[in-house]
Amino acid sequence: MSKAGIGSAVAALVLAAGLTGCGNDDGDGKGGDAQARPSATPPARAVQDAYRRTVAADSAKIAVTSKVVAGDQAVTAHGDGVAALKDGSSRVTLTTRGATVEQRVVDGVVYQKPSRGKQDAVPGGKTWAKIDLKRLAQRGSAGRSQVSDPAEPVRYLKNVGSEDVTRVGTQTLDGTRTTHYRVSVPVSVLSSGDAARERELREQLGKSRLPVDLWLDGQGRLRQESVRVTLHPLVHKTPGRQDTAVTSTTVLRFSDYGTEARVTAPPARDTADVTDKVARTTAAAG
(Lines give C-alpha, C1' and ligand atoms only; values in the text may rest on other atoms or scores of the structure.)
Protein backbone atom coordinates (compact mmCIF):
# COMPACT_ATOMS: atom_id res chain seq x y z
CA MET A 1 0.00 0.00 0.00
CA SER A 2 1.37 3.41 -1.00
CA LYS A 3 1.99 6.25 1.42
CA ALA A 4 -0.94 8.05 -0.20
CA GLY A 5 -3.14 5.03 0.48
CA ILE A 6 -2.02 4.87 4.08
CA GLY A 7 -2.73 8.56 4.50
CA SER A 8 -6.21 8.10 3.08
CA ALA A 9 -6.84 5.22 5.45
CA VAL A 10 -5.88 7.31 8.47
CA ALA A 11 -7.96 10.23 7.20
CA ALA A 12 -10.93 7.93 6.77
CA LEU A 13 -10.53 6.52 10.26
CA VAL A 14 -10.88 9.77 12.09
CA LEU A 15 -13.87 10.80 10.03
CA ALA A 16 -15.76 8.25 12.04
CA ALA A 17 -15.72 10.83 14.79
CA GLY A 18 -18.04 12.96 12.68
CA LEU A 19 -20.89 10.54 13.33
CA THR A 20 -24.43 11.56 14.29
CA GLY A 21 -26.29 14.77 13.61
CA CYS A 22 -29.20 12.41 13.07
CA GLY A 23 -32.14 14.19 14.69
CA ASN A 24 -33.73 15.49 17.88
CA ASP A 25 -35.15 13.84 20.97
CA ASP A 26 -37.58 14.79 23.69
CA GLY A 27 -35.39 13.34 26.48
CA ASP A 28 -32.11 14.47 27.90
CA GLY A 29 -30.37 11.16 27.21
CA LYS A 30 -28.16 11.55 30.28
CA GLY A 31 -27.88 9.78 33.58
CA GLY A 32 -26.51 6.51 34.88
CA ASP A 33 -26.21 3.40 32.77
CA ALA A 34 -29.09 0.99 33.06
CA GLN A 35 -28.36 -2.67 32.43
CA ALA A 36 -29.24 -3.80 28.91
CA ARG A 37 -31.80 -6.60 28.98
CA PRO A 38 -33.98 -8.40 26.47
CA SER A 39 -36.70 -6.01 25.35
CA ALA A 40 -40.07 -6.36 23.67
CA THR A 41 -39.05 -3.49 21.39
CA PRO A 42 -38.64 -4.77 17.82
CA PRO A 43 -34.97 -4.71 16.72
CA ALA A 44 -35.58 -2.19 13.92
CA ARG A 45 -37.32 0.19 16.31
CA ALA A 46 -34.49 -0.14 18.86
CA VAL A 47 -31.93 0.82 16.20
CA GLN A 48 -34.03 3.71 14.92
CA ASP A 49 -34.52 5.05 18.45
CA ALA A 50 -30.80 4.67 19.25
CA TYR A 51 -29.84 7.65 17.12
CA ARG A 52 -32.20 10.17 18.62
CA ARG A 53 -31.32 8.89 22.11
CA THR A 54 -27.59 9.15 21.39
CA VAL A 55 -27.86 12.62 19.87
CA ALA A 56 -29.98 13.76 22.82
CA ALA A 57 -27.01 13.05 25.10
CA ASP A 58 -25.37 16.06 23.40
CA SER A 59 -21.75 14.89 23.67
CA ALA A 60 -19.52 11.94 24.50
CA LYS A 61 -15.96 10.72 24.68
CA ILE A 62 -15.00 8.53 21.74
CA ALA A 63 -12.34 5.93 21.08
CA VAL A 64 -11.66 4.62 17.59
CA THR A 65 -9.52 1.81 16.23
CA SER A 66 -8.96 1.00 12.58
CA LYS A 67 -6.98 -1.60 10.72
CA VAL A 68 -6.41 -1.44 6.97
CA VAL A 69 -4.91 -4.44 5.18
CA ALA A 70 -3.79 -4.47 1.54
CA GLY A 71 -1.86 -7.48 0.33
CA ASP A 72 0.96 -8.17 2.79
CA GLN A 73 0.84 -4.68 4.30
CA ALA A 74 -1.25 -3.49 7.23
CA VAL A 75 -1.77 -0.18 9.00
CA THR A 76 -3.38 0.08 12.44
CA ALA A 77 -4.44 3.37 14.01
CA HIS A 78 -5.83 4.20 17.45
CA GLY A 79 -7.43 7.41 18.57
CA ASP A 80 -9.47 9.05 21.28
CA GLY A 81 -11.22 12.36 21.77
CA VAL A 82 -14.65 13.94 22.09
CA ALA A 83 -17.66 14.45 19.84
CA ALA A 84 -20.46 17.01 19.90
CA LEU A 85 -23.26 14.68 18.89
CA LYS A 86 -25.85 17.18 17.70
CA ASP A 87 -23.72 18.98 15.12
CA GLY A 88 -21.32 16.13 14.32
CA SER A 89 -18.14 18.03 15.19
CA SER A 90 -15.30 16.15 16.85
CA ARG A 91 -11.71 16.32 18.03
CA VAL A 92 -9.55 13.19 17.96
CA THR A 93 -5.84 12.45 18.43
CA LEU A 94 -4.69 9.52 16.29
CA THR A 95 -1.55 7.45 16.54
CA THR A 96 -0.30 5.17 13.77
CA ARG A 97 3.17 3.80 13.08
CA GLY A 98 4.60 5.96 15.83
CA ALA A 99 3.24 9.19 14.36
CA THR A 100 0.51 11.31 15.93
CA VAL A 101 -2.10 13.37 14.12
CA GLU A 102 -4.61 15.72 15.72
CA GLN A 103 -7.80 15.92 13.71
CA ARG A 104 -10.90 18.05 13.98
CA VAL A 105 -14.13 17.75 12.06
CA VAL A 106 -16.16 20.99 11.94
CA ASP A 107 -19.08 21.76 9.58
CA GLY A 108 -18.17 18.95 7.20
CA VAL A 109 -14.52 19.99 6.96
CA VAL A 110 -11.62 17.84 8.17
CA TYR A 111 -8.53 19.50 9.66
CA GLN A 112 -5.35 17.49 10.29
CA LYS A 113 -2.30 18.60 12.25
CA PRO A 114 0.72 16.28 11.93
CA SER A 115 2.99 15.69 14.89
CA ARG A 116 6.12 17.76 15.40
CA GLY A 117 8.74 16.88 12.82
CA LYS A 118 6.14 15.83 10.25
CA GLN A 119 4.61 19.22 9.54
CA ASP A 120 6.55 19.65 6.31
CA ALA A 121 3.81 17.44 4.84
CA VAL A 122 1.45 20.45 5.02
CA PRO A 123 1.92 22.85 2.05
CA GLY A 124 3.04 26.45 2.47
CA GLY A 125 4.54 25.93 5.89
CA LYS A 126 1.07 25.83 7.42
CA THR A 127 0.18 23.90 10.57
CA TRP A 128 -3.10 22.30 9.50
CA ALA A 129 -4.19 20.48 6.34
CA LYS A 130 -7.81 21.08 5.35
CA ILE A 131 -10.10 18.68 3.44
CA ASP A 132 -13.57 19.92 2.49
CA LEU A 133 -15.72 16.80 2.20
CA LYS A 134 -18.48 18.53 0.24
CA ARG A 135 -16.04 19.73 -2.40
CA LEU A 136 -14.39 16.33 -2.46
CA ALA A 137 -17.76 14.73 -3.23
CA GLN A 138 -18.33 17.22 -6.05
CA ARG A 139 -15.07 16.14 -7.65
CA GLY A 140 -16.58 12.75 -8.43
CA SER A 141 -17.13 9.31 -7.01
CA ALA A 142 -13.43 8.39 -6.97
CA GLY A 143 -12.62 10.91 -4.30
CA ARG A 144 -15.74 10.05 -2.36
CA SER A 145 -15.00 6.34 -2.30
CA GLN A 146 -11.29 6.61 -1.46
CA VAL A 147 -11.49 9.27 1.25
CA SER A 148 -14.78 8.62 2.92
CA ASP A 149 -16.41 8.32 6.30
CA PRO A 150 -16.46 4.72 7.57
CA ALA A 151 -19.44 5.73 9.66
CA GLU A 152 -21.32 7.04 6.66
CA PRO A 153 -23.66 4.04 6.39
CA VAL A 154 -24.73 4.46 10.00
CA ARG A 155 -26.34 7.81 9.21
CA TYR A 156 -29.09 5.96 7.39
CA LEU A 157 -29.94 3.50 10.13
CA LYS A 158 -32.65 5.69 11.57
CA ASN A 159 -34.77 4.62 8.59
CA VAL A 160 -33.95 0.89 8.59
CA GLY A 161 -36.68 -1.62 7.92
CA SER A 162 -37.58 -4.61 10.05
CA GLU A 163 -36.03 -6.98 7.50
CA ASP A 164 -32.65 -5.19 7.81
CA VAL A 165 -31.99 -5.66 11.56
CA THR A 166 -31.11 -8.75 13.59
CA ARG A 167 -30.70 -8.97 17.36
CA VAL A 168 -27.47 -10.94 17.97
CA GLY A 169 -27.39 -11.10 21.78
CA THR A 170 -25.97 -9.31 24.81
CA GLN A 171 -22.39 -8.38 25.68
CA THR A 172 -20.59 -6.43 28.39
CA LEU A 173 -18.38 -3.58 27.09
CA ASP A 174 -16.20 -1.66 29.55
CA GLY A 175 -18.45 -2.76 32.39
CA THR A 176 -21.66 -1.76 30.62
CA ARG A 177 -24.17 -4.41 29.61
CA THR A 178 -25.19 -3.94 25.98
CA THR A 179 -27.39 -5.49 23.31
CA HIS A 180 -25.74 -6.34 20.00
CA TYR A 181 -27.58 -5.73 16.71
CA ARG A 182 -26.48 -6.40 13.13
CA VAL A 183 -27.84 -4.15 10.40
CA SER A 184 -27.74 -4.76 6.66
CA VAL A 185 -27.36 -1.47 4.76
CA PRO A 186 -28.19 -1.43 1.02
CA VAL A 187 -25.45 -0.11 -1.28
CA SER A 188 -28.15 1.90 -3.04
CA VAL A 189 -28.62 3.90 0.18
CA LEU A 190 -24.90 4.58 0.51
CA SER A 191 -24.68 5.98 -3.02
CA SER A 192 -27.08 8.85 -2.18
CA GLY A 193 -28.79 8.61 -5.54
CA ASP A 194 -25.53 8.63 -7.54
CA ALA A 195 -26.02 5.78 -10.05
CA ALA A 196 -22.36 5.74 -11.12
CA ARG A 197 -21.18 5.55 -7.51
CA GLU A 198 -23.66 2.76 -6.78
CA ARG A 199 -22.31 0.69 -9.69
CA GLU A 200 -18.72 1.23 -8.50
CA LEU A 201 -19.57 0.31 -4.91
CA ARG A 202 -21.33 -2.85 -6.00
CA GLU A 203 -18.30 -3.81 -8.12
CA GLN A 204 -15.80 -3.00 -5.36
CA LEU A 205 -17.78 -4.71 -2.59
CA GLY A 206 -18.91 -7.65 -4.69
CA LYS A 207 -22.31 -7.49 -3.02
CA SER A 208 -25.33 -5.23 -2.71
CA ARG A 209 -25.43 -4.74 1.08
CA LEU A 210 -22.98 -3.71 3.81
CA PRO A 211 -23.16 -5.16 7.37
CA VAL A 212 -22.87 -2.77 10.33
CA ASP A 213 -22.76 -4.00 13.95
CA LEU A 214 -24.13 -1.88 16.80
CA TRP A 215 -24.12 -2.28 20.58
CA LEU A 216 -26.76 -0.34 22.57
CA ASP A 217 -26.78 0.26 26.33
CA GLY A 218 -29.74 0.00 28.70
CA GLN A 219 -30.85 3.52 27.76
CA GLY A 220 -30.86 2.64 24.10
CA ARG A 221 -27.77 4.72 23.26
CA LEU A 222 -24.85 3.70 21.09
CA ARG A 223 -21.90 2.25 22.94
CA GLN A 224 -20.05 0.71 20.02
CA GLU A 225 -20.28 0.36 16.27
CA SER A 226 -18.16 -1.79 13.96
CA VAL A 227 -17.87 -1.57 10.19
CA ARG A 228 -15.81 -4.02 8.12
CA VAL A 229 -15.40 -3.34 4.42
CA THR A 230 -13.42 -5.18 1.72
CA LEU A 231 -12.98 -3.18 -1.48
CA HIS A 232 -11.69 -4.72 -4.68
CA PRO A 233 -9.94 -2.52 -7.28
CA LEU A 234 -12.06 -1.38 -10.21
CA VAL A 235 -10.81 -3.40 -13.17
CA HIS A 236 -11.34 -0.63 -15.71
CA LYS A 237 -9.41 1.87 -13.55
CA THR A 238 -6.64 -0.30 -12.17
CA PRO A 239 -5.77 -2.98 -14.74
CA GLY A 240 -3.39 -5.61 -13.41
CA ARG A 241 -4.31 -4.93 -9.76
CA GLN A 242 -7.49 -6.99 -9.56
CA ASP A 243 -6.12 -9.12 -6.71
CA THR A 244 -5.11 -6.23 -4.45
CA ALA A 245 -8.18 -5.97 -2.24
CA VAL A 246 -8.19 -3.53 0.67
CA THR A 247 -9.93 -4.55 3.88
CA SER A 248 -10.76 -1.93 6.50
CA THR A 249 -12.16 -2.67 9.96
CA THR A 250 -13.18 0.31 12.07
CA VAL A 251 -14.54 0.17 15.64
CA LEU A 252 -15.92 3.29 17.34
CA ARG A 253 -16.79 3.39 21.05
CA PHE A 254 -18.79 5.98 23.01
CA SER A 255 -18.48 6.68 26.75
CA ASP A 256 -18.99 9.44 29.35
CA TYR A 257 -22.08 10.91 27.73
CA GLY A 258 -22.55 14.59 28.54
CA THR A 259 -18.82 15.36 28.74
CA GLU A 260 -17.68 18.80 27.58
CA ALA A 261 -16.98 18.78 23.83
CA ARG A 262 -16.24 22.22 22.43
CA VAL A 263 -14.64 21.88 18.99
CA THR A 264 -13.58 24.81 16.82
CA ALA A 265 -11.85 25.09 13.45
CA PRO A 266 -8.18 26.20 13.43
CA PRO A 267 -7.50 29.82 12.38
CA ALA A 268 -7.72 30.17 8.59
CA ARG A 269 -4.21 31.66 8.48
CA ASP A 270 -2.82 28.36 9.82
CA THR A 271 -4.54 26.05 7.32
CA ALA A 272 -3.67 24.82 3.82
CA ASP A 273 -6.50 23.49 1.66
CA VAL A 274 -5.48 20.11 0.21
CA THR A 275 -8.93 19.04 -1.01
CA ASP A 276 -8.03 19.20 -4.70
CA LYS A 277 -4.75 17.37 -4.10
CA VAL A 278 -6.56 14.57 -2.27
CA ALA A 279 -9.13 14.33 -5.07
CA ARG A 280 -6.39 14.05 -7.71
CA THR A 281 -4.45 11.48 -5.71
CA THR A 282 -7.44 9.26 -5.04
CA ALA A 283 -8.64 9.51 -8.64
CA ALA A 284 -5.21 8.39 -9.88
CA ALA A 285 -5.19 5.52 -7.38
CA GLY A 286 -8.57 4.33 -8.68
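Mind checking the full-extension length gain between Arg45 and Ala272? Use 0.36 nm per residue of separation minus the Cα-Cα distance, one decimal, nm. Full extension from Arg45 to Ala272 adds 77.4 nm. For the pair Thr259 and Arg228, label points projected 7 Å from Cα toward Cβ lie 2.7 nm apart. Each residue was assigned an accessible area with a 1.4 Å probe, and for Arg182 the value is about 100 Å². Between Ser208 and Asp174, the modelled labels are 3.8 nm apart [label points 7 Å from Cα along Cα→Cβ]. Determine the alpha carbon to alpha carbon distance for each of Lys67/Lys126; Lys86/Lys130; Lys113/Lys277 and list only those over 20 Å. From Lys67/Lys126; Lys86/Lys130; Lys113/Lys277, over 20 Å: Lys67/Lys126; Lys86/Lys130.
Relative protection proxy for 245-253, 65-73, from highest mean packing down: 245-253, 65-73 (other beta-carbon atoms within 10 angstrom).
Normalised by residue count, the range 45-108 yields a Cα convex hull volume of 114 Å³ per residue.
The values are calculated or read from the model by the stated rules, or taken from the named source; none is laboratory data. All values derive from a computational prediction rather than experimental measurement. Neighbour counts run over all protein chains shown; Cβ positions are idealised from the backbone, glycine included. Remember, those area values only see protein heavy atoms, side chains included, never the ligands or the DNA or RNA. Shrake-Rupley method; radii C 1.70, N 1.55, O 1.52, S 1.80 Å.
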